[in-house]
Every structure is written in structure tokens, then in C-alpha cells.
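The block underneath contains the structure these notes are about, expressed in C-alpha cells.
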Amino acid sequence: MFADSAKVFIKSGKGGDGHVSFRRELFVPAGGPDGGDGGKGGDIIFEVDPGLNTLTDFRHVRKYIAKNGEEGGKKRCHGANAENLVVKVPEGTVIKDFETGKVIADMSGENKREVILKGGKGGLGNMNFATPTMQAPKYAQPGQPGHELWVQLELKVIADVGLVGFPNVGKSTLLSRVSNARPKVANYHFTTLNPHLGVVDLDGSAGFVMADIPGLIEGASQGVGLGHDFLRHIERCRVLVHVVDAAGTEGRDPIADIKAINEELSAYNPELLKKPMVIAANKTDSINPDDPDPIELLKNEFEPEGMTVYPISAVSGKGVRELLYAVYHLLQTVEQKPVIFEKEFEVEYAGDRNLPYTVTQEEEGVFVVEGPRIEKMLGYTNLESEKGFQFFQKFLKENGILEDLEKAGIQEGDTVRMYGLAFDYYK
């Protein structure tokens with residue numbers, strides 16, 4: 001079954017934690033730190049696979065989780081980086097953030113491979129934190145967490161020309177006559193439920209790709225009928241061909257049909273009306289000669305608006321050649337660059353919030369808190385001001401330092417020391 005949308009969960013890998021260890025070496029305090037760094041977590045990468053043309057695979061697998069990086073080891077051993085997880089998608093897939101609907105990436109044109117979620121960085125081992133004043137650091141940096149996201153995948157057909165029109169007006173018949181496509185053709189509504197693509201070859205030209213878009217009904221822009229399943233595929237097309245039943249074999253008015261379709265296009269995305277359009281007045285071999293000429297009525301109504309009318313019969317082939325060459329020449333006036341959806345959503349990655357620290361009991365009633373996170377905070381905090389001290393207290397609470405002191409067994413009235421500062425602990 002053709003599938004052109006899917007909701008999937010993706011998660012990048014966590015970085016491996018840095019290691020705390022000390023080598024045995026004479027005259028070096030605590031043997032000297034030699035804890036290695038953790039490995040990087042796996043990225044989530046989306047890649048175009050030319051062999052795919054639907055999103056069917058995502059109906060069976062909805063979660064894609066990369067592996068975590070390995071922890072660092074002794075003797076400065078670096079933890080192994082995790083393998084990246086590559087997710088294959090067909091060309092034309094748009095990846096959106098599910099909650100906001102904003103575009104993360106459009107896998108079209110030259111964009112064949114993109115990192116959607118980066119894996120967490122590996123944490124630094126304690127060998128990185130040795131200083132002249134802290135020669136034996138007992139802390140290492142934890143690996144950065146992975147990131148997770150629900151994304152919406154939408155496959156938007158990539159075609160030069162899109163055939164649009166109400167059900168049963170002859171779009172599939174026209175496509176099967178002019179290309180190698182073999183869509184299902186029958187005399188009932190909604191024969192076409194999925195887009196069909198065909199390559200149109202013309203003498204003396206390079207040809208073009210034409211798509212038979214599923215039939216439209218009024219209210220599609222609000223999701224009625226095939227709704228957005230129909231409309232999303234029009235966004236890629238460079239030229240639109242309105243196919244109408246000029247003979248009105250089912251009692252429909254072709255002029256009203258074109259106006260209704262344009263209203264739905266405008267309601268879905270006003271930019272669609274800026275695309276070049278022509279009208280293929282089909283089923284001319286069934287026109288009743290006693291009725292007013294529908295071709296003239298269509299020309300009088302739409303040609304002043306720039307939409308040329310071409311009378312055709314998709315069954316007999318009459319007028320089809322003229323239509324195709326007119327469409328080909330119209331394509332030459334339109335920018336060849338394919339429609340690419342701009343990136344609207346950026347994944348936010350944490351900075352150095354996970355710098356390490358340790359809480360140790362130096363002696364009875366005295367606890368020491370040290371580490372790069374504490375040093376960094378003290379470097380930009382003025383504890384002599386009221387606001388600075390309030391920030392200091394908030395920092396200790398929000399970073400879990402007070403909780404760690406309580407786990408270490410601190411009691412009210414005990415002393416806490418931080419790089420030359422000392423204060424009594426009270427709840």
C-alpha cells in the first residue's frame with residue numbers, strides 16, 4: 001500500500017561518562033589521574049534511498065533509537081564512539097517536528113543526507129581536570145544526554161507537472177496515454193487514491209515528469225475526502241494542468257469545477273495559485289453539438305486570467321500533442337530549481353551544563369564541594385551582594401548539590417567548603 005505520511009520517534013545516543021582513576025607512580029599525588037574520556041553517542045541521520053518511493057516501512061517500525069557511547073576507562077583509554085543510526089527515506093520526504101509542524105529537513109534536490117539529532121558528547125575523564133592546585137581530581141564529566149523527538153514524515157511527490165481535477169474527469173486516462181505510467185482506469189469516482197508518476201517523452205525535447213494527483217472534492221483544504229493527501233503533492237509541481245470534463249457527462253459545470261479547485265488550493269496554500277496553469281478541456285468527443293460550446297465558455301472565462309484552454313480527448317488522443325508541447329514550453333519559463341522547503345526548526349543542544357563536581361566529607365562536620373562546575377559558577381558570582389548570594393543558593397539547589405550534601409550525611413551546623421569559601425549549612 002502506498003503511504004505518504006508517518007509519525008515516528010527518534011532518539012540520539014547518550015555520550016559515555018568520563019572515568020575517574022589514578023595511575024600508580026612514585027612521587028605523584030594519588031598516583032596521578034589517568035581516567036579516559038567517554039565516547040560520543042550515535043547520531044540519527046536521515047538519508048535518501050533511490051530504491052524507495054513510499055513511507056510504508058515506517059508503518060511497521062516507529063521508533064529509531066541510536067546506541068550510547070561507551071564509558072572511558074583506566075590508563076587514559078577513550079570509550080568507543082557509538083555507531084550512527086541511518087534512517088532511509090524516499091526522495092521528496094519532508095521531516096517536520098510533530099508538535100509544531102515546523103520543517104526540520106527536506107530530503108530533496110541536493111540534500112541527500114542530513115543529521116537530524118546529534119548524539120551526546122562523551123564526558124571528559126578526570127585526567128583533564130588536573131591543575132597545579134588540584135593535582136588529584138576525583139571527578140569526571142558525565143556524558144551529555146541524547147535528544148529525542150517525535151517527527152512527522154511527509155512524502156511530497158516530485159514532478160514537473162501536476163494533473164488536478166475532480167474525480168472521474170480523465171486524469172489517469174491522460175497520464176496513461178502520454179507516458180509509461182499505468183494507473184488504474186475505471187468509470188467511477190476515486191479510482192486514483194495515490195499519486196502516479198509518468199515520464200513524458202517529446203520529440204526534440206528532454207521531456208518532463210507528470211503526476212496524476214488523486215481527485216479533489218470541495219472541503220479538501222479542511223481535510224475532507226482525500227484532503228491533505230491530495231494537496232501536499234501539488235506543492236512540488238512547477239506547472240499545474242486543470243483537467244475538466246468539458247462535455248459535462250456527469251452534469252458538472254467545468255467552469256465551476258476550476259473555480260472550486262482554485263479555492264481549495266488557495267485555502268491550503270495561497271502560493272499554489274502563483275504556479276503557471278493551463279486547462280485541459282477533456283472529453284471533447286462527447287460534447288453535445290446542440291449545447292453552447294463549452295470550450296468557448298472556458299476560454300472566455302479563464303484565458304483573460306492567463307490560463308490557456310486546450311481542447312483534448314484523452315481516449316482518442318485528439319489535441320493531446322498540442323497540450324504537451326504547450327506545457328513543455330511553459331516549463332521553460334519556470335525556474336528549473338525544484339521546490340525545496342526551508343528549514344524552520346532547530347534542535348537545541350545543551351552547552352557545558354554537565355560539568356562535573358564532587359561532594360566529599362573531609363572530616364567530622366566538614367564537607368568539601370569542588371569541581372569545574374563550582375569554579376565556573378564562583379567566577380561570575382559576587383557572593384557579597386544580596387542578589388549574588390541568592391543566585392548562589394538557587395544554583396546549589398537547582399544543580400542538586402544540596403541534595404548530594406544531604407545524601408553524604410550533612411547535618412545542620414556542619415561546615416561546607418568551596419575553594420577558600422566556608423559557610424555553615426542550615427535548611
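In table form, for the structure just shown:
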{"item": "Top-ranked residue of the stretch 1-20 - restricted to ones that are closer than 25 Å to P137 by Cα and open to solvent by 10 Å² or more (accessible area, probe 1.4 Å), ranked as modelled with the highest pLDDT", "result": "K14"}
{"item": "Close pairs from the stretch 143-168: first within 30 Å of N126 (Cβ to Cβ), partner open to solvent by less than 30 Å² (accessible area, probe 1.4 Å) and of a type in the set (S, T, Y), Cβ under 7 Å, at least 6 apart", "result": "G146/S12; H147/S12"}
{"item": "Residue count for the stretch 131-141, restricted to those that are surrounded by fewer than 17 Cβ atoms within 10 Å (Cβ to Cβ) and in contact with a helix residue (DSSP H, G or I) (Cβ under 6 Å, 6 or more places away or on another chain)", "result": "2"}
{"item": "For M210: the one exception among (1) more than 30 Å from I10 (Cα to Cα); (2) at pLDDT 80 or above; (3) out of contact with any strand residue (DSSP E or B) (no Cβ under 7 Å at 6 or more places or on another chain)", "result": "(3)"}
{"item": "When residues of the stretch 253-288 are limited to those that are crowded, with 16+ Cβ neighbours inside 10 Å and among the basic types (K, R), the one farthest from the chain's Cα centre (by Cα)", "result": "K283"}
{"item": "Any hit, the stretch 146-158, residues being out of contact with any Cys (no Cβ under 7 Å at 6 or more places or on another chain) and farther than 28 Å from I45 by Cβ", "result": "no"}
{"item": "Unique match (being polar (S, T, N, Q), touching a strand residue (DSSP E or B) at 6+ places or on another chain (Cβ under 7 Å) and touching a residue at least 40 places away in the same chain (Cβ under 8 Å)) among T360, T308, T333", "result": "T360"}
{"item": "Residue count, the stretch 142-164 (criterion: open to solvent by 10 Å² or more (accessible area, probe 1.4 Å) and modelled with pLDDT under 80)", "result": "2"}
{"item": "Residues (touching a strand residue (DSSP E or B) at 6+ places or on another chain (Cβ under 6 Å) and either open to solvent by 40 Å² or more (accessible area, probe 1.4 Å) or closer than 18 Å to K112 by Cβ (or both)) located in the stretch 29-65", "result": "A30, D43, I44, I45, F46, E47, V48, D49, L55, R62, K63, I65"}
{"item": "Subset of the stretch 76-110 that is among the β-branched types (V, I, T) and outside any loop (DSSP other than H, G, I, E, B) - its residue that is farthest from the chain's Cα centre (by Cα)", "result": "V86"}
{"item": "Residue within the stretch 331-348 that is in contact with a helix residue (DSSP H, G or I) (Cβ under 8 Å, 6 or more places away or on another chain), at pLDDT 80 or above, over 30 Å from I104 (Cα atoms) and not hydroxyl-bearing (S, T, Y) present", "result": "no"}
{"item": "G319 touching a Pro at 6+ places or on another chain (Cβ under 8 Å) and closer than 30 Å to H147 by Cβ", "result": "no"}
{"item": "Qualifying residue in the stretch 289-304 (condition: exposed (fewer than 13 other Cβ atoms within 10 Å of the Cβ) and touching a strand residue (DSSP E or B) at 6+ places or on another chain (Cβ under 8 Å))", "result": "yes"}
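The values are calculated or read from the model by the stated rules, or taken from the named source; none is laboratory data. Note that the coordinates shown come from a computational prediction; the quantities given were computed from them, not determined experimentally. Heads up, the Cβs are rebuilt from the backbone with ideal geometry, glycines too, and the neighbour counts pull from every protein chain shown. Each accessible area value is taken on the protein alone, full model and side chains, heavy atoms only, with ligands, DNA and RNA left out. Shrake-Rupley method; radii C 1.70, N 1.55, O 1.52, S 1.80 Å.
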